[in-house]
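Heads up: the structure comes next, in structure tokens.
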Amino acid sequence: MSGFIGLAVPGPSNMPFRIRQAMDIALEDHRAPDFPKFTLPLFADLKRIFQTKSGQVFLFPGSGTGGWESAIANTLSPGDKVLASVFGQFSLLWVDLCQRFGLNVDAIDVEWGKGVPLEKYLQRLAADKEHKIKAVLVTHNETATGVTSDVAGVRRILDELDHPAMLFVDGVSSIASIDFRMDEWGVDVAVAGSQKGFMLPTGLAIVCVSQKALKAGETAKLPRCFFDYRDMIKTNAQGYFPYTPAATLLRGLRVSVDMLLEEGLENVFARHSRLASAVRAAVEAWGLRTCAQGPEWYSDTVTAVVVPEGFDANDVIKTAYYQYDLSLGTGLNKVNGKVFRIGHLGWLNDIMVMQTLGGVELAMRDVGIPFEPGAGAGAAVRYLSDTGRAMDRSRIDFTALSTASAAILRARDRLGADTAAPPCRFRATTLAKDTTNRTAQCQLRFSERLQNEVRQTGLFSGTDPGVQR
Ligand SMILES: Cc1ncc(COP(=O)(O)O)c(C=O)c1O
């Protein structure tokens, strides 16, 4: 066999060579006197990835599932009520974990393909006058269906009702890839894993905890030992751990955090958004649909593609793997056989996405799914070429501004009829930065309908640039 095996599952993601090299080291003494010189800045810099000043980051040997367990075991007591929703395999498993811990879970069933039902959360929390609900669970990005939910929306509901429940977020397949704001959204426990946006091997549960959740831990009664935040707090303060840490992975994590901060979080999010849009353009051009039922649910890290009636998605996955050395994500639970998943997160660029789309086309053609070969790849080529990529800071100059202006003008031209609609001003801030890091701004007038189109060019900062009338 020659050539790379393509890894297009939604985690583990591709590992940068820089990270691999950082971990190709002799094993080290995690109680060495100079170990804190390495760990203390790492803890501090990780807070920037979670966009928090007041939260505390914990690094456990483990995986995302361990992160879930830590959130529950450290903050709640047997029989406590939690509000959750199930719309895919991972939101389902988190609920299962809560039930096994003896919590009283109100798990709202949602059609797979949609996400957290804000109206139902509002109803349940509004009805909870006695504040029996102690925690609200949100799976930010449901990796099984490629659905992203509105965490800020849940925060708004809690604030409007002045409800004191803690907000727990599963950010395993969103954090470090999709915008996630611990402090701004008032998140109490955020859970991530090393093998997705952090571009590392599996083996770390990366958890960020608010002061409010730490306080709740003082009276919480669920049993905890391995995942006890209190043991971590005591030893982490000096730069050490209560037991042997996964030090080699931490060396990789140092480089992962460096790479994310060097690129700039805004640029990381924009890159994911743009590559995801290219994948969705391909799906549409194949005449297929995504499991996510509409743009409000689209995920920028994973796309679950529904195969036509009469076909088995597992045949596509097996063919891609055995014939073309490409790993695609399988459909889990209810959607097994119905979807295959394309992971587009982590260390990824335009040509890696094109390679995956080419592999998908080869496999789909082999199993007889009707589509025009090249249609999806062609749509992605057009999208990527039209939008140009948001470059990392070190490479950017003001010519990027004209690219951005051209992209939004093209977007407007494509929907020409819309220009007749009453215009509103859509503030489009380009990611173009000069060497002194000044942001170039470019404002044009658009109707509301065009916002999405403009946003999908991936050239603009922020997920919601806002509309000024
Ligand atoms: C959204 C989400 N949550 C939780 C998990 C569980 O994480 P792990 O497999 O690292 O335990 C996953 C794994 O893919 C996931 O995608």
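What the table below lists for this structure:
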{"read-out": "Verdict on Phe226 being within 16 Å of the ligand (Cβ to nearest atom) and over 23 Å from Val154 (Cβ atoms)", "value": "yes"}
{"read-out": "Every residue from the range 79-99 that is within 14 Å of the ligand (Cβ to nearest atom) and in a strand (DSSP E or B)", "value": "Ala84, Ser85, Val86"}
{"read-out": "Test: Gly67 is outside any strand (DSSP E or B), within 16 Å of the ligand (Cβ to nearest atom), on the phi > 0 side of the Ramachandran plot and buried (at least 16 other Cβ atoms within 10 Å of the Cβ)", "value": "no"}
{"read-out": "Answer from Gly171, Gly186, Gly197, Gly193 - the residue that is farther than 24 Å from Ser277 by Cβ, of a type outside the set (A, V, I, L, M, F, W, C) and within 16 Å of the ligand (Cβ to nearest atom)", "value": "Gly193"}
{"read-out": "Of all residues making up the range 42-63, the number that are in contact (Cβ under 8 Å) with a residue 60 or more places away in the chain, open to solvent by 10 Å² or more (accessible area, probe 1.4 Å) and in a helix (DSSP H, G or I)", "value": "4"}
{"read-out": "Filtered residues of the range 314-337 (kept if touching a helix residue (DSSP H, G or I) at 6+ places or on another chain (Cβ under 6 Å) and part of a loop (DSSP other than H, G, I, E, B))", "value": "Thr330, Gly331, Leu332, Gly337"}
{"read-out": "Thr39 vs. criteria within 15 Å of the ligand (Cβ to nearest atom) and either in contact with a Lys or Arg (Cβ under 6 Å, 6 or more places away or on another chain) or outside any loop (DSSP other than H, G, I, E, B) (or both)", "value": "no"}
{"read-out": "So Tyr243, is it touching an Asp or Glu at 6+ places or on another chain (Cβ under 9 Å) and within 18 Å of Ala73 (Cβ to Cβ)", "value": "yes"}
{"read-out": "Those residues of the range 100-153 which are under 26 Å from Lys215 (Cβ atoms), within 16 Å of the ligand (Cβ to nearest atom) and open to solvent by 50 Å² or more (accessible area, probe 1.4 Å), in sequence order", "value": "Arg100"}
{"read-out": "Val116 being within 22 Å of Asn333 (Cβ to Cβ) and part of a loop (DSSP other than H, G, I, E, B)", "value": "yes"}
{"read-out": "Criterion: open to solvent by 30 Å² or more (accessible area, probe 1.4 Å) and either polar (S, T, N, Q) or within 25 Å of Ile25 (Cα to Cα) (or both) - qualifying residue of Leu261, Leu200, Leu204, Leu250", "value": "Leu261"}
{"read-out": "Condition met for Val305 (at pLDDT 95 or above, open to solvent by less than 10 Å² (accessible area, probe 1.4 Å) and part of a helix (DSSP H, G or I))", "value": "no"}
{"read-out": "Total residues in the range 370-390, condition under 18 Å from Thr290 (Cα atoms) and touching a Leu at 6+ places or on another chain (Cβ under 8 Å)", "value": "4"}
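The values are calculated or read from the model by the stated rules, or taken from the named source; none is laboratory data. Fair warning: this is a prediction, and the values are worked out from it, not measured in the lab. Note: ideal-geometry Cβ built from the backbone for every residue, glycine included; neighbour counts use all protein chains shown. Protein only, heavy atoms only, side chains kept; ligands, DNA and RNA dropped before computing areas. Shrake-Rupley method; radii C 1.70, N 1.55, O 1.52, S 1.80 Å.
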